[in-house]
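Data first, discussion second: the structure below is written as structure tokens.
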Amino acid sequence: MVVAIHQPEHLPWLGFFNKMANADVLVILDIVQYRKRYFQNRNQILVNGEKKYIGVPIILDNYREKTIKEMQIYSDRDVPWKSKYLKTIEYNYKRHPFFDEYFPFFEELVKKDICSLYEFNMEIINYFADKLDLTTEIIMASDLSPVGKKSDLILDIAKKSGASVYLSGPSGRDYMELDKYKNENVDVWFNDFKHPVYDQKGTDVFIPYLSTLDLFMNVGAKQAKSVIAEGTVIAKNL
């Protein structure tokens, strides 16, 4: 049983779905503290040939005391953002091959009265995962009632989700106490995703590390699944 753990990022990049595709279970880490100016409420797309952030405005009152799951998005009445959000996508991708196929999802998404950042992000994650035909089971860390911090927290989540293998991102090497995982009979693999190159409209030089939205708009979901799989590099620390 290969288990991966990841925060519910906004418009996740290719590496998110590569990790998901290589796992049997993906645990959404919704219980950690919200991080300002990170990828929890924004991500990067191609804007006029350059990487630029697109995101949703967050109510930051006491955010240091709140988890990702507790964070709220401003309503469009209080902070008008939905029109700009859609126009940013439309202006930069309307001439792309698959714009007409995927843009309606975002039009319908912003019409929904979703105040929770977590719920808004999960709508996008589930949509992309469905289009990529990923069958990985998704569960929420909050449903497991895990305990501990950093490496111990991840180990507890891995155990409670039935992992025989924990699939970590490369940064796990910086903080994970691997001996503890070995003692609990949990092997650790590192998902050293190597970013693939794909046909990218709007720039003369390929720009990596964008939202998966860019990949979808350029090549469509069927080819996107193959492109994401190309980046698989797994180092097994048994």
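Numbers for the structure displayed
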{"quantity": "Matching residues, the stretch 90-117, being within 18 Å of residue 75 (Cβ to Cβ), open to solvent by less than 30 Å² (accessible area, probe 1.4 Å) and either hydroxyl-bearing (Ser, Thr, Tyr) or modelled with pLDDT under 95 (or both)", "calculated": "116"}
{"quantity": "Qualifying residue in the stretch 155-167 (condition: more than 22 Å from residue 31 (Cα to Cα), open to solvent by 30 Å² or more (accessible area, probe 1.4 Å) and out of contact with any Leu (no Cβ under 6 Å at 6 or more places or on another chain))", "calculated": "yes"}
{"quantity": "Matching residues, the stretch 66-89, being without any contact (Cβ under 8 Å) to a residue 12 or more places away in the chain and open to solvent by 70 Å² or more (accessible area, probe 1.4 Å)", "calculated": "77, 78, 80, 84, 87"}
{"quantity": "Residue in the stretch 174-193 that is touching a residue at least 60 places away in the same chain (Cβ under 8 Å) and either open to solvent by less than 40 Å² (accessible area, probe 1.4 Å) or in a loop (DSSP other than H, G, I, E, B) (or both) present", "calculated": "yes"}
{"quantity": "The stretch 208-220: number of residues that are of a type in the set (A, V, I, L, M, F, W, C), under 16 Å from the mean Cα position of the chain (by Cα) and assigned to a helix (DSSP H, G or I)", "calculated": "3"}
{"quantity": "Answer residue from the stretch 31-43, given it is over 12 Å from the mean Cα position of the chain (by Cα) and touching a residue at least 12 places away in the same chain (Cβ under 8 Å) and is least open to solvent (accessible area, probe 1.4 Å) among those", "calculated": "34"}
{"quantity": "Breaking point among (1) among the hydrophobic types (A, V, I, L, M, F, W, C); (2) open to solvent by 50 Å² or more (accessible area, probe 1.4 Å); (3) in contact with a helix residue (DSSP H, G or I) (Cβ under 8 Å, 6 or more places away or on another chain); (4) more than 30 Å from residue 158 (Cα to Cα), for residue 60", "calculated": "(3)"}
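The values are calculated or read from the model by the stated rules, or taken from the named source; none is laboratory data. Please read all numbers here as calculations on a predicted model, not as lab measurements. As a convention, Cβ positions derive from the backbone with ideal geometry for all residues, glycine included, and neighbour counts pool all protein chains shown. Note: areas computed on protein heavy atoms with side chains; ligands, DNA, RNA excluded. Shrake-Rupley method; radii C 1.70, N 1.55, O 1.52, S 1.80 Å.
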